[in-house]
Amino acid sequence: MIIMIGGIPCSGKSSLTRNILSELGSGEMLEPMKLFPCEKRGDVLIIGRYPEGETFGGTDRISYGAISKFRDFIDQEAPKHKHIFLEGDRFFRAKDIEWLLDNHEAKVYILTVSLEEEKRRHTERQDSQTEKWLQGRRSQISNIQTNFELMGRIEIQQNDSIEASKNIQKEILKWII
């Protein structure tokens, strides 16, 4: 099973991922394919790495050069691992999501958050992303949510609170534990 999580910045993707990883025990660092640093925790391959104390981890640190090799990486690694887990923006594109769902056993989640909560989180983490860039990410996620090829095939989860995040975490863990 491949689990993919996406959403706008500050929707809680990385925080949710760190909470999920804490349930999976310690990790072994590996790079099964050039440009794809990963962690292996039990029988779960996590694409990207999540160093302690860093806001941006996971696929945010992966080279943009890896985007064109995403499908080859998944095809290479899926037979070797019971589960693959990834979150973030690098590979969360409609054409790759559609390909993933068509070719592999996968669950794709989009985390949503209210505009008020999004703004509160941006202020809290003191990020420097421009409104123009943020609007581009919002549009990209909105386009994925309304894509006729993906409707009904992706899980859209509101993630405005700690309780909501814990519920999403429980749902995802049932797929990979």
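The values are calculated or read from the model by the stated rules, or taken from the named source; none is laboratory data. These numbers were taken from a predicted model, which means no experiment stands behind them. Methodologically, a virtual Cβ is constructed for each residue, glycine included, from the backbone with ideal geometry; neighbour enumeration extends over all protein chains shown. When the accessible area is computed, the model is the full protein with side chains, heavy atoms only, and any ligands, DNA or RNA have been set aside. Shrake-Rupley method; radii C 1.70, N 1.55, O 1.52, S 1.80 Å.
Do any residues in region 94-107 that are β-branched (Val, Ile, Thr) have Cβ atoms under 7 Å from those of residues that are assigned to a helix (DSSP H, G or I), where the two are at least six apart or on different chains, and which pairs are they?
Sorted first by the residue in region 94-107, then by its partner, the pairs are ILE97/ILE144.
Look at region 18-45 and say how many of its residues are part of a strand (DSSP E or B) and touching a Ser or Thr at 6+ places or on another chain (Cβ under 8 Å).
Residues that pass the stated criteria total 1.
So, in region 108-163, of the ones that are among the aromatic types (Phe, Trp, Tyr) and more than 20 Å from PHE85 (Cα to Cα), which residue ends up most open to solvent (accessible area, probe 1.4 Å)?
It comes out as PHE148.
Could you give every pair whose Cβ atoms fall below 9 Å, whose first residue belongs to region 1-17 and is at negative phi and part of a strand (DSSP E or B), and whose second residue is open to solvent by 20 Å² or more (accessible area, probe 1.4 Å) and among the aromatic types (Phe, Trp, Tyr), counting only separations of at least 6 or pairs across chains?
Here the result reads ILE3/TRP175, each pair linking region 1-17 to a residue that is open to solvent by 20 Å² or more (accessible area, probe 1.4 Å) and among the aromatic types (Phe, Trp, Tyr).
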